[in-house]
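Right, one structure below, let's go through it.
Values quoted throughout were computed directly from the atomic coordinates according to the rules given, and no laboratory measurement underlies them. Since the model is a prediction, treat every value here as computed from it, not as a measurement. Note: ideal-geometry Cβ built from the backbone for every residue, glycine included; neighbour counts use all protein chains shown.
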Ligand SMILES: [Zn+2]
Ligand SMILES: [Zn+2]
């Protein structure tokens, strides 16, 4: 990840196809996954999904509302997909693992999706054979440990998130 700490291009905006849902990503995400799992292939109808993982409070809804659709997921724990209630385009998901605190923004919904190429390809065990990855590209057959891939800044942001979640748990 060469450019993870740079803020060029951010904040940036995105939205659905009918333009009723608009959002702003205020900073760079923690990491960008290109996921080749069969679930992402089915959900997108194509070969992979491109997801920017980012703290929920760094994604601001500028216009419209999202409709949250409970959807089965690979882990069995489900994911909540936020869609425009009109055109039904998915703009982000929340997975059970990271919960409400982290959104997986669908990179293709950004006005400039070229801003966020993948940092790592995951679940390449089910990569469609015609998708050929550059040899130097980080790629794993299934999943990986964040500490081995994420830049220091993202790991620090993750630690802050986890501390916040712990605090909230104690207050409940
Ligand atoms: Zn829409
Ligand atoms: Zn996937």
According to the Kirkwood expression over distinct Cα-Cα pairs, how big is the hydrodynamic radius of the chain, in Å?
16.7 Å
If neighbour count is taken as other Cβ atoms inside 10 Å, put 17, 148, 44 in order from fewest to most.
148, 17, 44
Please compute the alpha carbon radius of gyration of the stretch 96-172, then divide it by the globular-protein estimate 2.2 N^0.38 Å. Two decimals is fine.
1.38
Using only Cα atoms, locate the centre of the stretch 20-90 and the centre of the stretch 91-108, then give the distance between them in Å, rounded to an integer.
5 Å
When a/c is below 1.5 the answer is rounded, else prolate if a/b is larger than b/c, else oblate, so apply that to the stretch 1-94 with a ≥ b ≥ c taken from the square roots of the Cα gyration tensor eigenvalues.
oblate
Normalised by the number of residues in the chain, what is the relative contact order in percent for Cα pairs under 8 Å and 6+ residues apart?
24 percent
